[in-house]
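Take a look at the structure below.
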Amino acid sequence: MEDGLLAILTPLVLGISLAAPLGPVKLEMIKKGMTGGFWPSWLTGIGALTADLFYMGSIAAGLLPLFKHPAVSFFLMAAGAVLLFRLGAKSILVFFRKDALIKLSETGSYSLPHCFLTGFLIAFANPFNFLFWFGIYGAAISRFSPSAEWTHILGYSFFIILGIFLWNLNVALTVHFGRNLISDNMMKKISFAAGLMLIAFSFKLVWDFFHAFS
């Protein structure tokens, strides 16, 4: 029972932690939500999530056997840990910024397909995004034994995506219903908490690696 709950919560929390930092996608979601409401913000997040699904699918389908090699597993664990720590540190540093995160001077309506495409392109065209998923997602699925069933890997992947999905939904709803209540201070606190969680995941990857090969 506890193992099953942990198997669900671990990737779910990982997905939420990956989605929570205030990167370009989240800032675009918040900006569109502040000026256009729920749907522009939500579809921007869905567009970015579609790009994430593309990367995850291509990695899992084409490179999974390679992930099982010990040398590759070591590289992925190291890359994933470094990337998570870097993202966490950057997210924490946002908390100490004195300037405003978002400066809006205009309001208006948005084309919903354009919002989706904007989110997709922000995530897809970022050269760091593939390395990001290759390191973190590749490291995550490389932890499964060679005999692990695809259903287990798909389940793990599903809950990562669900975590991202839920956080994007939370951002869109929160911005829509609290446009006049959200402050820079609140966003910085969220970024700080997410940064701590990402750093914790980086140490967990290192621990898992040494535990697996000790």
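Bear in mind these aren't lab numbers, they're just calculated from the coordinates by the rules spelled out. If you're wondering where the values come from, they're calculated on a predicted model, not measured in any experiment. Because the Cβ atoms are built from the backbone with ideal geometry, glycine has one as well, and the counts that use them run over all protein chains shown.
Peptides 193-203, 5-15 ordered by packing proxy, namely the average of other Cβ atoms within 10 Å per residue, highest first: 193-203, 5-15. You can think of it this way: the chain between K189 and F96 has 32.5 nm of extra reach, that is 0.36 nm per residue less the Cα-Cα gap.
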